[in-house]
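Step one of this worksheet: look at the structure below.
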């Protein structure tokens, strides 16, 4: 996340690599299969962070993520994968201000909730999300419903395209200071949108 531009755009479903989702009935039961599993890396082009109240947008040229996917069958959807590292490159916002983005609270957990066998797409959540942005006198933290609570993002993972798409969720801005004020405000809801394409094939299914 390193680009803040006043404009509205954000969406898709999948980051940080193997899938993201909150626990539901399917995830609670050990009905998931993941192959081959193990370590994965992924990259997203032009991920965006949008303040949905002010329309301020931060856009990065790219984001890289890495993590681990469980392997085998009879797996729980909860924590079926994790994001152990994530970084953003060349992030900018209004007036061309350059930002750096730092993830907090890693690893983040990817949770499978439901599976569509017709499309090969798993829906779920990415939990534990927190991040800090800074640049040209502007700083802000992003977390969940409160500054002390990590955010949960919604997402999907496609077996055919090996893409983890992230969007939606309960991300909010906190501790906003400096030139960010007005562009971002304390308590503003925000959306992070990115499509992370895995560097390799990983398949996740459930009956």
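Here are some notes:
- Our summary gives the chain a relative contact order of 30 percent, counting only alpha carbon pairs under 8 angstrom and 6 or more residues apart.
- Sum of -39500 (n - 2.57) over DSSP H runs of 4+, divided by residues of the chain (222 nm, nearest 500): -500 deg cm²/dmol
- Three principal axis lengths of segment 63-172 [C-alpha, angstrom, descending]: 49, 29, 21
- By the compact-protein rule of thumb, 2.2 N^0.38 Å, the alpha-carbon radius of gyration of segment 89-149 corresponds to a ratio of 1.53.
- Within segment 34-79, the proportion of C-alpha pairs whose separation exceeds 14 Å stands at 65%.
- For segment 4-205, the share of DSSP beta bridges that are antiparallel, to the nearest 5, is 100%.
- One quarter of the convex hull surface built on the alpha carbon atoms of the chain amounts to 9.8 nm², the projected area averaged over directions.
- Cα convex hull volume per residue for segment 116-207 (Å³): 107
The numbers here are math on the coordinates, done by the rules we state, and not lab data. What you see is a predicted model; the values in this text were computed from it and never measured.
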